[in-house]
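Right, I'll just put the structure down here and ask away after.
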Amino acid sequence: MRELLRYENKGIGVSKTPFTLSDGVTLTLFDFKGEGHEKKPMLLFVAGWLSALSGWHEVLEEMTPHTRVLYMESREKRSARLPAGPLPRFDIDRLADDIAEVANAFIPAETSLYVAGSSLGSTALIRAMARRKITPSGAFLISPVTAFQFPPWGNFIISFVPPFFFKAIRYPIVWYLINFRVDKKKEPEQARKYTQTIMDAEPTRLKANAAALSGHTVWEDLPQVKSPVVVIGAASDKLHGVEEITKMVQRMPEARVEVMGSNKETHSGQAGRFIVEGMGAG
């Protein structure tokens, strides 16, 4: 991929690696290795619902010179290959199992593991840590989703609208997001990101994933998360409110909040530097 040359030109080796899980789904992983990475801690990064690698370049460019980063594309994304036959599971426990299988396969036993994620990736990491599927030295959770609650028309789409109608109904979904969940005036980049995300989504997986997650909340998991956690929020983010993530931190034994000014900042080099410093790898 041409976009990965930006890392290789800075001496960071990048490999695009397929990894087949226990249920036959094959995920795409991007493994970033800088000089002397064997002696450094490792970061497993799980991005958000349908988000693309291109949205995290500023963060990755700050982190990859200092630590090995394994970027994991989750199963709802187009890059995943699904086995023939019925659709596989897309529920939160299956997503947590995916994280655990990747960690077990790629993280050397003697290496300190840190994890980071955004949105649904953060929520899946919470379930994985709560169920002791992974026990990282620390976690950096960017704007986790606390509850998957859809408006009535969204539940109707999930339950009754066939995937092949998605091209038509994706327009009201985008309208809802950029008018009620994102501040499109203060955060035009965020509005464009969500628009592109929905337009590029694979409808069958999106529908199955949304149906499997509907009704899930993080609250029962939080007291069981024993690893040190930093929950990173954005003051201007309507989709993942600061008030909600503050409540999250109060329920975890070893957690704190870091509030950045905007969603753009949480996807910037500033966030990358913050994570690296938190790992002690800077």
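Looking only at residues that are of a type in the set (Asp, Glu) and out of contact with any strand residue (DSSP E or B) (no Cβ under 6 Å at 6 or more places or on another chain) in region 218-260, which one is nearest to Ile275 (Cα to Cα)?
Going through the qualifying residues, I end up with Glu254.
With the checklist (1) within 25 Å of Thr246 (Cβ to Cβ); (2) at pLDDT 95 or above; (3) of a type in the set (Gly, Ala, Ser) in hand, flag the one item Ala147 doesn't pass.
Looking at each condition in turn, Ala147 falls short on (2).
Can you tell me which residue in region 252-277 is modelled with the lowest pLDDT, limited to those that are in a loop (DSSP other than H, G, I, E, B) and of a type in the set (Ser, Thr, Tyr)?
Top of the filtered list is Ser262.
Taking the conditions exactly as written (surrounded by 18 or more Cβ atoms within 10 Å (Cβ to Cβ), at pLDDT 95 or above and either farther than 24 Å from Phe148 by Cβ or among the polar types (S, T, N, Q) (or both)), does Met63 satisfy them or not?
yes
For region 228-251, what are the residues that are assigned to a helix (DSSP H, G or I), touching a residue at least 24 places away in the same chain (Cβ under 8 Å) and under 25 Å from Lys184 (Cβ atoms)?
Correct list: Glu244, Ile245.
For the condition surrounded by 14 or more Cβ atoms within 10 Å (Cβ to Cβ), touching a strand residue (DSSP E or B) at 6+ places or on another chain (Cβ under 9 Å) and farther than 23 Å from Met129 by Cα, what is the one hit in Val25, Val14? Quick ask: steps written out before the conclusion?
Values: Val25 fails: farther than 23 Å from Met129 by Cα.
Every option except Val14 fails the conditions.
The values are calculated or read from the model by the stated rules, or taken from the named source; none is laboratory data. Please read all numbers here as calculations on a predicted model, not as lab measurements. So basically every Cβ, Gly included, is an ideal-geometry build from the backbone, and we count neighbours across all protein chains shown.
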